[in-house]
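First comes the structure, then the notes that go with it.
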């Protein structure tokens, strides 16, 4: 039996120099299940509506993403994160060659085999976290969109694979939703990201609206900043709305419910940014628990329609 701990704490047991014997598949699946259901409350809620036969597979995918994310963001040392992400990429390669030993990959191996998953979406996620270590500011929106393509879109693609509904059109709509969600999170966390020395507001957009670097680093709310944020919020909404046909196209009410929840959550974040007049330097827009319950009820109502 393994004790639940933070990913970074678990490095002492399961890191690059690990001497621990590989867990059985059952033990590894429990590790992933605990990691998924204990670290992200929204994931726990969503998992209630997943078909029972898919829950463990979703936990396995989530655990991979959680480890990659934390290795990139939680060590507090860029060089160390870069080293650990390279190790994680090596573990991914070993997994796809049938040599899994880390508990996440021991569990994930069965998911890969069951659904014939490709290595690329997992590798793309790692590449995005590696990019975070060397690139902290984006010159153009095209650069930021490419980052979203690797940091967000692979998750939607993997979900479609697990539900066995990965058509080219579904993937296109899913990518649009995932990118929209990523952008919504960026605009919600402009202040937090700057504290981490990360700037996702593209320089070309800041220059277009006349928002200077000095204003940015001083966190000044100017008319130019408000115009800039409105532009970015509107663009994020366009991505989310462009992906909405996916909800009507996929089979299965449970999948529609999950997609509806994520899409509605992204739109709600944008709505909250608008409600505070785009003044994200002054206050972080959040979605209250009551609002989340409302989103869930409305999503359930729409999902059960024929």
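The values are calculated or read from the model by the stated rules, or taken from the named source; none is laboratory data. All figures in this text were calculated on a predicted structure; none of them were measured in a lab. Neighbour counts run over all protein chains shown; Cβ positions are idealised from the backbone, glycine included.
Just give me the residues in segment 258-271 being under 13 Å from residue 175 (Cα atoms) and modelled with pLDDT of 90 or more, in sequence order.
263
Would a scan of segment 177-187 turn up a residue that is in a loop (DSSP other than H, G, I, E, B) and touching a helix residue (DSSP H, G or I) at 6+ places or on another chain (Cβ under 8 Å)? It would help to see each step written out before you state the result.
Filtering segment 177-187 down to residues in a loop (DSSP other than H, G, I, E, B) leaves none.
No, because not a single residue in segment 177-187 is in a loop (DSSP other than H, G, I, E, B) and touching a helix residue (DSSP H, G or I) at 6+ places or on another chain (Cβ under 8 Å).
Under 14 Å from the mean Cα position of the chain (by Cα) and in contact (Cβ under 8 Å) with a residue 60 or more places away in the chain: does that describe residue 104? Outline the logic, then answer.
Values: under 14 Å from the mean Cα position of the chain (by Cα): no; in contact (Cβ under 8 Å) with a residue 60 or more places away in the chain: yes.
Criteria not met by residue 104.
Somewhere in segment 99-108, is a residue part of a helix (DSSP H, G or I) and surrounded by fewer than 19 Cβ atoms within 10 Å (Cβ to Cβ)? Show your work before the answer.
Here is the first cut: in segment 99-108, the ones part of a helix (DSSP H, G or I) are 103-108.
Remaining after also requiring surrounded by fewer than 19 Cβ atoms within 10 Å (Cβ to Cβ): none.
No, every residue in segment 99-108 fails to be part of a helix (DSSP H, G or I) and surrounded by fewer than 19 Cβ atoms within 10 Å (Cβ to Cβ).
Residue-wise test of (1) in contact with a helix residue (DSSP H, G or I) (Cβ under 8 Å, 6 or more places away or on another chain); (2) outside any helix (DSSP H, G or I); (3) surrounded by 13 or more Cβ atoms within 10 Å (Cβ to Cβ); (4) at pLDDT 90 or above.
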residue: 256; (1), (2), (3), (4): yes, no, yes, no
residue: 273; (1), (2), (3), (4): yes, no, yes, yes
residue: 279; (1), (2), (3), (4): yes, yes, yes, yes
residue: 282; (1), (2), (3), (4): no, yes, no, yes
residue: 293; (1), (2), (3), (4): no, no, no, no
residue: 301; (1), (2), (3), (4): no, no, no, no
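The rows are residues; the columns are (1) surrounded by 21 or more Cβ atoms within 10 Å (Cβ to Cβ); (2) more than 21 Å from residue 139 (Cβ to Cβ); (3) within 25 Å of the chain's Cα centre (by Cα).
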site	(1), (2), (3)
201	yes, no, yes
211	yes, no, no
214	no, no, no
224	no, no, no
235	no, no, yes
240	yes, yes, yes
246	yes, yes, yes
252	no, yes, yes
269	yes, yes, yes
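Please verify whether residue 231 is in a helix (DSSP H, G or I), modelled with pLDDT of 95 or more and more than 19 Å from residue 155 (Cα to Cα), treating the condition exactly as stated. Step through it out loud before you land on a result.
On the way: in a helix (DSSP H, G or I): yes; modelled with pLDDT of 95 or more: yes; more than 19 Å from residue 155 (Cα to Cα): yes.
Here the answer is yes, as residue 231 does meet what is asked.
Pull up segment 8-65, narrow it to residues that are outside any helix (DSSP H, G or I) and within 20 Å of residue 261 (Cα to Cα), then point me to the one that is modelled with the highest pLDDT. Break it down into steps so the answer makes sense when it comes.
Of all residues in segment 8-65, those outside any helix (DSSP H, G or I) come to 15-24, 40, 48-51.
Then keep just the ones that are within 20 Å of residue 261 (Cα to Cα); that gives 40, 48-51.
Details: 40: 51, 48: 60, 49: 65, 50: 77, 51: 84.
So the residue we want is 51.
Evaluate segment 127-143: report whether one residue or more is modelled with pLDDT of 95 or more, in a helix (DSSP H, G or I), within 12 Å of the chain's Cα centre (by Cα) and surrounded by 15 or more Cβ atoms within 10 Å (Cβ to Cβ).
Looking through segment 127-143, at least one residue is modelled with pLDDT of 95 or more, in a helix (DSSP H, G or I), within 12 Å of the chain's Cα centre (by Cα) and surrounded by 15 or more Cβ atoms within 10 Å (Cβ to Cβ).
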